[in-house]
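Participant: Pasting in a structure now, in structure tokens, and then I'll have a few things to ask.
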């Protein structure tokens, strides 16, 4: 339908599960018109290994190489090698051109690359687990949203004793 979609959830694993299913669906329909035109926003050590090739940073680094740009690097963790640091221009281009963007809900307000990005639809998976303040950034990115959850889902994790006593 040509719509731009933001897929989010409280957990990285829920976002990755949705996107992994899109990859599997695309693999089963290679001759059709289905596209895996999506980007996963997040840190490499937080996302499923099957999503690494779809990370915005990885895709932007590929664009940098095609453009012949020199890339910097930044440490990715205590025991990991330094990751390539893509250009801001190609990061922005990667995210802006994607039809589907997957990101955890708590990453949205912290990512300057998502500021000003407009979507036709926001899909929130495991909506019963996420608090309203945590999802408000995602919901403001589109006029239409879908909250996905089920009656067996765990409630939001609340660590505040005052909020717990008040029924939140």
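The values are calculated or read from the model by the stated rules, or taken from the named source; none is laboratory data. Everything quoted here is computed from the prediction, not taken from an experiment. Glycine also receives a Cβ, built like all others from the backbone with ideal geometry; neighbour counts cover every protein chain displayed.
Participant: Among the residues of the stretch 118-141 satisfying the criterion of being surrounded by 19 or more Cβ atoms within 10 Å (Cβ to Cβ) and part of a loop (DSSP other than H, G, I, E, B), which is modelled with the lowest pLDDT?
Facilitator: Out of the qualifying residues, it is 130.
Participant: Please verify whether residue 80 is part of a loop (DSSP other than H, G, I, E, B), in contact with a helix residue (DSSP H, G or I) (Cβ under 9 Å, 6 or more places away or on another chain), on the phi < 0 side of the Ramachandran plot and modelled with pLDDT under 90, treating the condition exactly as stated.
Facilitator: When the stated conditions are applied, residue 80 passes them.
Participant: Restricting the stretch 1-33 to residues that are modelled with pLDDT of 85 or more and part of a loop (DSSP other than H, G, I, E, B), which is surrounded by the most Cβ atoms within 10 Å (Cβ to Cβ)?
Facilitator: It comes out as 10.
Participant: Those residues that are modelled with pLDDT of 90 or more and assigned to a loop (DSSP other than H, G, I, E, B), I need them from the stretch 87-104; list them, please.
Facilitator: Passing the criteria: 98, 99.
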